[in-house]
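The values are calculated or read from the model by the stated rules, or taken from the named source; none is laboratory data. What you see is a predicted model, and the numbers here were worked out from it, not measured in a lab. Here Cβ is always computed from backbone atoms with ideal geometry, including for glycine, and neighbour counts include all displayed protein chains. The accessibility values were calculated without ligands, DNA or RNA, using every heavy atom of the protein model including side chains. Shrake-Rupley method; radii C 1.70, N 1.55, O 1.52, S 1.80 Å.
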Amino acid sequence: MKAGVVVFPGSNCDHDAWYAINENLKGHAEFIWHDSPTLGDVDAVILPGGFSYGDYLRCGAIARFSPVMAAVKKFAADGGLVIGICNGFQILVEAGLLPGALLRNRDLKFICKEVGLRTETSNSPFTSLVGKDTVLHLPIAHGEGCYFADEHTLDELEAEDRVAFRYLDNPNGSKRDIAGILNKGRNVLGMMPHPERVCDPLMGSIDGLGIFQSMFANTPVLSK
Amino acid sequence: MKITPELIKLHQLTQGEYDKIVSLLGREPSYTELGVFSVMWSEHCSYKSSKIHLRKLPNEGKYVVQGPGENAGVIGIGGDWVVAFKIESHNHPSYIEPFQGAATGVGGILRDIFTMGARPIAVLDSLRFGEPSSKNMHILSGVVSGIAHYGNCFGVPTVGGECKFDDSYAGNPLVNVFALGVCKKDEIFYAKASGIGNPVIYVGAKTGRDGINGAVMASAEFGADAMQKRPNVQVGDPFMEKLLLEACIEAMKTGAIVAIQDMGAAGLTSSSCEMGSRGGVGIDIDLDKVPQREKGMTAYEMLLSESQERMLLVAEKGREEEVFQVFRKWGLDAVTIGVVTDDGNLRIRHQGRIEAEIPNPALADEAPKYNRPYDAAPYRKFPMEAPAEIAEPADYNSALLKMVGSPDLCSKRWIWEQYDYQVRTNTLAGPGSDAAVVRVKGTDTSIAMSLDGNGRYCALDPREGTKLMVAECCRNLATTGAMPVAATNNLNFGNPERPEIMAQLVESVEGMAEACRHFDTPITGGNVSLYNETLGEAILPTPVLGIVGLMKTAAPVPSTFRREGASVVMLGGMGKTDATRFGSTQYAKTLLGQTWGLPPVLDMDYEKRVHDAMRALAAEGLAESAHDLSDGGLAVAVAEACYGGVGATLTIPSEGRADFALFHEGPSRIVVSTGSPERVLEIASQHGVEAFVIGVTMKARLQIGNGMSSWIDIPVADLSNRFESALPNRIHNTHA
């Protein structure tokens, strides 16, 4: 799998994702600058964590206008795999690729800690090798990770099996403990926890590997 | 404008200093020039009270690539890799405006690191506040949010630090921030201008009126009007700083940059005259070209502005466009505002007039140096005599609970969970560990770091207290298996014009010099923060040391017990105390509400042998866990080792007082859990270090006695609940 890691001004987990793919998974990742109109020949897109545009206005609200996002939308519409992590999730939501919004954490503070997540579906290219009900321990590091959507949207997400991960012990007030969701086509995943931070035994856990390994195994052949 | 004695006083210059300015210039200065001198000769920028004593500190060693005098110190870490690191204070601004004061403190030290060409990979901070009260907790909350805001957005992990409380810091909190960055040796950049005719380029944020005269503010004690100084505090923009970092590192790779320096204290003034002075050249600047945020700024305001996120660089003539291109890519201003000249002067033009013309060395190197009187005994607020009777507690379980829940010793999780301590995926040991450890990707080396300060010890004996602090810092590193190799210091003291305060400073620096020589940790740079007084009340003398060590990249030795059934070894022995020494302990402060006497006795040779023994244990993989004894002594250290959930049952060979045995703070001790106690004792003995097995780890309970009486018998969960809940409770209760 060749992954493109999009770099927005203010992205700061871009290198971590790049390192996890290239060094820990022995795949191939390259950076894509935010004003690039095309994605090149990548098989998957990673929107990394960080503070794109300083989180000014609203997290992800400015990044969605970056030229590269038009290419990301097209790529997703064609069935390409797109994973947005943390700020990447916020950007996907702002860009309308995923429903809902991410609000300030319940206690209004930035939280960095390890959380337990239950994998809610194995029916996705991101979780097929992880397996339903598998508990993963991944770190979160965000100030605005409280997932919010109206009841109708939440019901729909659940009815369509599009909740990918739920917190075991909700750290931020997210509706229905949601930590990550899929789009209707199941090829776009947004999640607040950071799988790229736990792909190396030296980091104390390798619980993040399964998500990327699933992506490696499920890379669709796209007509380019 | 006519220079009057009032104007001179307003700039915190003495008449003698003014006379020196006149003699250096050969004429009266202009108003603008007076402003320029006042910041460059301020205590904050010139170190005029401390410089002659700082020379006593060791600053050379086999790892040192760059010692004091540059933006940061640099050491080699093996191969062609180096790390740049320094500590800096932002004490005064953090009292006046906690959030922005702390945030810009982080911003300033990060620029010091990446201006050297090194990418920041770790931040640690040392904080001091008044004892928990509504006001002090408000300051703490603001400072923590400010550090989190800046570091998290910038993308540097805050991997450790310390936070302690004493009422002497109530009107003068301490915010000392340490940062460390990494690069290749041939990628280091220096702030030394050269090449006559080369362009001087301004990059980054626009200049506004914020922070004017901040360096002068940082060089005076506070009176009742402290809050009126809020306009002197700068406002930080970490997003801008992140762009500046990426753009600078990228621009450096073009090869077109000759020299670079950040605009920190005294902004444009200090960056230009210091770069010029180091290179022995002149700098000619046209202020009309400086990107400005506000209209109608005077030369005085632009020169003294401390607007954040700005850099000044000298590029190779003819290659400006290569530099501009990079900054354009990152959406940043980059403008040629001046030129390097051969006359050695800082020349400032504004609206067609020359507003200042001063020889660079006069500003950067000719600042007055004072040998301020220190012929008094160091100021001492605590008695020497122990109280007639030191009452023993009725119940040691509740005494220990009180200790682990005390402001100084309780968990600081509420603080560090607000920091991203993992970004860049290098953190092998983060907050809550004895030392923070980050790996350096692309090498097999990791960097261990510890920040330490102990105002209580230093208040009782500045020399011995400082030595103890250096020893503890090195012990923290040894505990994780690392070898300390260099250090940076932040000297926080009161008003140096008072001989009894100056005596504290001198004693402390001399103690630090002796200890740093002993432990082979040369000081490669740092910061001095004086005038930490409010309404005449000085802070406890608080030197803070940041030690950097090296280890092979591997999982560091953890500080908590791993499993039931492991032997617990006291490496270093039981240590010693007496009624006088016991007065310096956290126990005396917390349980008895008093401080007296002297700090513990330190044998530096023995201490070093303990470290060597510990590293040998780590190297052989014998230490399943290790945790050093410091504040709170044995009982607190063992309680802390239990917070992973595994307890221990221990028998202390002590026939003396239980309170002394449990809580005295004799140094040179580490509690180690191991599956191979015989081998551990053998290694200890080879190093001439006392060690014995004091018990065994067990399930979920901590028991300590001396074989005759049981002193402590308590569920681990009770200890860890108190430890974890103490700080959040205090914050929420005082806010209610």
Number of positions in the stretch A:1-31 that are open to solvent by less than 10 Å² (accessible area, probe 1.4 Å) and more than 10 Å from every other protein chain (Cβ to nearest Cβ) = 7
query = When only residues in the stretch A:75-89 that are among the hydrophobic types (A, V, I, L, M, F, W, C) and in a helix (DSSP H, G or I) count, which is nearest to the other protein chains (Cβ to nearest Cβ)?
reply = A:Phe89
ask   = Can you name the residue in the stretch B:329-360 that is aliphatic (A, V, I, L, M) and more than 14 Å from B:Val200 (Cα to Cα) and is also nearest to the other protein chains (Cβ to nearest Cβ) among such residues?
value = B:Leu332
task = Check whether at least one residue in the stretch A:153-169 is among the acidic types (Asp, Glu) and open to solvent by less than 50 Å² (accessible area, probe 1.4 Å), and report yes or no.
result = no
query = Looking at B:Ser450, B:Ser433, which is the one that is assigned to a loop (DSSP other than H, G, I, E, B), in contact with a helix residue (DSSP H, G or I) (Cβ under 8 Å, 6 or more places away or on another chain) and surrounded by 23 or more Cβ atoms within 10 Å (Cβ to Cβ)?
reply = B:Ser433
task = Using the structure shown, decide if B:Glu472 is surrounded by 24 or more Cβ atoms within 10 Å (Cβ to Cβ) and among the acidic types (Asp, Glu).
result = yes
query = Is there a residue in the stretch B:57-67 that is among the acidic types (Asp, Glu) and touching a strand residue (DSSP E or B) at 6+ places or on another chain (Cβ under 8 Å)?
reply = no
query = Is the stretch B:628-642 home to any residue that is over 18 Å from B:Ile390 (Cβ atoms), surrounded by 21 or more Cβ atoms within 10 Å (Cβ to Cβ) and hydroxyl-bearing (Ser, Thr, Tyr)?
reply = yes
query = Any idea which of (1) open to solvent by 10 Å² or more (accessible area, probe 1.4 Å); (2) in contact with a Leu (Cβ under 6 Å, 6 or more places away or on another chain) is the one B:Pro543 doesn't satisfy?
reply = (1)
note = If we keep only residues of the stretch A:90-121 that are more than 15 Å from A:Asn172 (Cα to Cα) and open to solvent by 50 Å² or more (accessible area, probe 1.4 Å), then the residue nearest to the other protein chains (Cβ to nearest Cβ) is A:Arg118
Those residues of the stretch B:414-427 which are more than 7 Å from every other protein chain (Cβ to nearest Cβ) and either closer than 17 Å to B:Gly142 by Cβ or not in a loop (DSSP other than H, G, I, E, B) (or both), in sequence order = B:Trp414, B:Ile415, B:Trp416, B:Thr427
request  = Tell me, please, whether a residue that is within 14 Å of another protein chain (Cβ to nearest Cβ) and either within 26 Å of B:Asp342 (Cβ to Cβ) or of a type outside the set (Phe, Trp, Tyr) (or both) can be found in the stretch B:249-261.
outcome  = yes
request  = Would you mind stating whether B:Tyr95 is of a type in the set (Phe, Trp, Tyr), open to solvent by 20 Å² or more (accessible area, probe 1.4 Å) and over 23 Å from B:Pro522 (Cα atoms)?
outcome  = yes
task = Kindly indicate whether B:Ala623 is under 32 Å from the mean Cα position of the chain (by Cα), in contact (Cβ under 8 Å) with a residue 24 or more places away in the chain, surrounded by fewer than 24 Cβ atoms within 10 Å (Cβ to Cβ) and not in a strand (DSSP E or B).
result = no
inquiry  = Just to be sure I understand, how many residues within the stretch A:122-152 are of a type in the set (Val, Ile, Thr) and crowded, with 22+ Cβ neighbours inside 10 Å?
reply    = 3
One residue from A:Asn87, A:Asn24, A:Asn12 being among the polar types (S, T, N, Q) and over 22 Å from B:Glu241 (Cα atoms) = A:Asn24
task = Having 3 or more residues that are touching a helix residue (DSSP H, G or I) at 6+ places or on another chain (Cβ under 7 Å), over 16 Å from B:Leu634 (Cα atoms) and open to solvent by 40 Å² or more (accessible area, probe 1.4 Å) is the bar; report the helices (runs of 4 or more DSSP H) wholly within the stretch B:645-736 that clear it.
result = B:716-735
query = When you go through B:Met40, B:Met116 one by one, which is the residue that is touching an Asp or Glu at 6+ places or on another chain (Cβ under 9 Å) and modelled with pLDDT of 95 or more?
reply = B:Met116
key: Filtered residues of the stretch B:219-248 (kept if more than 12 Å from chain A (Cβ to nearest Cβ) and either modelled with pLDDT under 65 or not in a loop (DSSP other than H, G, I, E, B) (or both))   = B:Phe222, B:Ala226, B:Met227, B:Gln228, B:Lys229, B:Arg230, B:Pro231, B:Asn232, B:Cys248
ask   = Considering B:Lys56, B:Lys20, which residue is part of a loop (DSSP other than H, G, I, E, B), surrounded by fewer than 21 Cβ atoms within 10 Å (Cβ to Cβ) and not aliphatic (A, V, I, L, M)?
value = B:Lys56
task = Could you tell me whether B:Arg413 is farther than 19 Å from A:Lys109 by Cα and surrounded by fewer than 24 Cβ atoms within 10 Å (Cβ to Cβ)?
result = no
query = Consider B:Met551 against the criteria (1) without any contact (Cβ under 8 Å) to a residue 24 or more places away in the chain; (2) closer than 27 Å to B:Val440 by Cα: it satisfies all of them except one. Which criterion is unmet?
reply = (1)
Selected residue (only one of B:Gly645, B:Gly666 is within 16 Å of B:Gly573 (Cα to Cα) and modelled with pLDDT of 95 or more) = B:Gly666
